Amino acid sequence: MQAPSHIKTPKQYIAALDEPRRGAIHILHDAICKTAPSLKPEIGYGMLAYGPYHTTYASGREVDTWIICLASQKNYISLYVGGCDKDGYLAETNKARLGKVSVGKSCIRFKKIEDLNLKVAMELVKKSVQLKKPSAGATCE
């Protein structure tokens with residue numbers, strides 16, 4: 001769900017969801033906050049967003065974005081993991097370990113929380129935070 005304009009906080013976003021999505025998003029939100037307590041949760045691009053940062057790609061393109069994002073979409077839940085290392089995008093290179101999910105470069109999509117290997121997903125969240133520090137140096141586009 002893209003958050004309507006009146007939703008300003010993660011708590012409001014989660015409360016606006018119907019079950020069972022509310023429970024699943026709440027579990028993921030809590031796991032992200034526990035795994036990466038330094039990331040400030042907020043609403044960004046109409047979804048839950050954690051850890052704002054500014055980056056410049058090798059092409060010179062600059063963007064303001066977040067390290068992690070979480071959204072309840074119409075047909076699935078999306079967890080966006082912004083990390084990239086020497087092997088490529090973390091979500092994409094760990095697809096086989098993530099469970100019954102569909103994976104794009106940085107997006108992990110699943111229908112129910114039981115389909116996601118939460119332990120592996122939080123490993124990727126933690127690694128993304130480490131990689132997004134200014135000294136990390138790895139970038140993907």
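Coordinate-derived values only; no laboratory data. Just so it is clear, the model here is predicted, and its values are computed rather than measured. Heads up, the Cβs are rebuilt from the backbone with ideal geometry, glycines too, and the neighbour counts pull from every protein chain shown.
Laid out as a table, the results:
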quantity: Residue ID - farthest from residue 129 (Cα to Cα), chosen from residues in segment 48-62 that are touching a residue at least 60 places away in the same chain (Cβ under 8 Å) and surrounded by 13 or more Cβ atoms within 10 Å (Cβ to Cβ); calculated: 55
quantity: Residue, farthest from residue 30 (Cα to Cα), within segment 95-125, restricted to residues that are outside any loop (DSSP other than H, G, I, E, B) and among the β-branched types (Val, Ile, Thr); calculated: 103
quantity: When residues of segment 80-94 are limited to those that are under 24 Å from residue 37 (Cβ atoms) and assigned to a loop (DSSP other than H, G, I, E, B), the one farthest from the chain's Cα centre (by Cα); calculated: 94
quantity: Search result, residues across segment 63-79 that are β-branched (Val, Ile, Thr), more than 8 Å from the chain's Cα centre (by Cα) and surrounded by 13 or more Cβ atoms within 10 Å (Cβ to Cβ); calculated: 65, 77
quantity: Single condition residue 30 does not satisfy, out of (1) outside any helix (DSSP H, G or I); (2) among the acidic types (Asp, Glu); (3) under 17 Å from residue 118 (Cα atoms); calculated: (1)
